[in-house]
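See structure below.
The values are calculated or read from the model by the stated rules, or taken from the named source; none is laboratory data. Note that this is a predicted model, so its numbers are computed, not measured. Positions of Cβ are generated from backbone atoms using ideal geometry, with glycine treated the same way; all protein chains shown enter the neighbour counts.
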Amino acid sequence: MIDKLDREIINILQAGFPLTETPYADVAAQLNIDEEELLKRLARLLEDRILTRFGPMYDVQKLGGAFSLVAIQVPENKFDKVADVVNSYPEVAHNYQRDHDFNMWYVLATETPQQIDKINHDIEKRIGLKVFNMPRLEEYFVGLQLQI
């Protein structure tokens, strides 16, 4: 369960994280709490899976890497096993189940563009199903913030 302060923490952190010598203390000051309280609450939000991740987002392509969206049609009775295989790759940034013929979607983020095809081919061999790679053709920035 989250309270008003947890909501404020999530809302403030969605807007950005200060690049200072004391970023947690700076955020805590905005909330009128101390740094230790902020850190405890962040740890609990992550542990309780209210937040699934807290950290920087890098543009892997600007760092010389690549990313791509991938879809698979997975029989329901094999979904968990396929998800375990897909999720075993550290390059899989996100993996989602959808109510669609293509019911598994994942994002690959790799150090080099060549790794996209290599990893997808490896996954395909391991699961015995066709994977459909959908590289980004154009990028649009949407400043999405979900006020909680």
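Listed values, structure above:
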| item | result |
| --- | --- |
| Cβ pairs under 8 Å, 6+ apart, first in the stretch 75-98 and within 17 Å of K125 (Cα to Cα) and assigned by TED's automatic domain parsing to the domain that holds L129, second basic (K, R) and at pLDDT 95 or above | V85/R126 |
| Restricting the stretch 2-21 to residues that are within 25 Å of the chain's Cα centre (by Cα) and more than 20 Å from I50 (Cα to Cα), the residue that is surrounded by the fewest Cβ atoms within 10 Å (Cβ to Cβ) | L19 |
| Any hit, the stretch 12-33, residues being in a helix (DSSP H, G or I), in contact with a helix residue (DSSP H, G or I) (Cβ under 9 Å, 6 or more places away or on another chain) and either within 14 Å of Q147 (Cα to Cα) or touching a residue at least 40 places away in the same chain (Cβ under 8 Å) (or both) | yes |
| Residues within the stretch 36-61 that are over 23 Å from M1 (Cβ atoms) and among the acidic types (D, E), tallied | 1 |
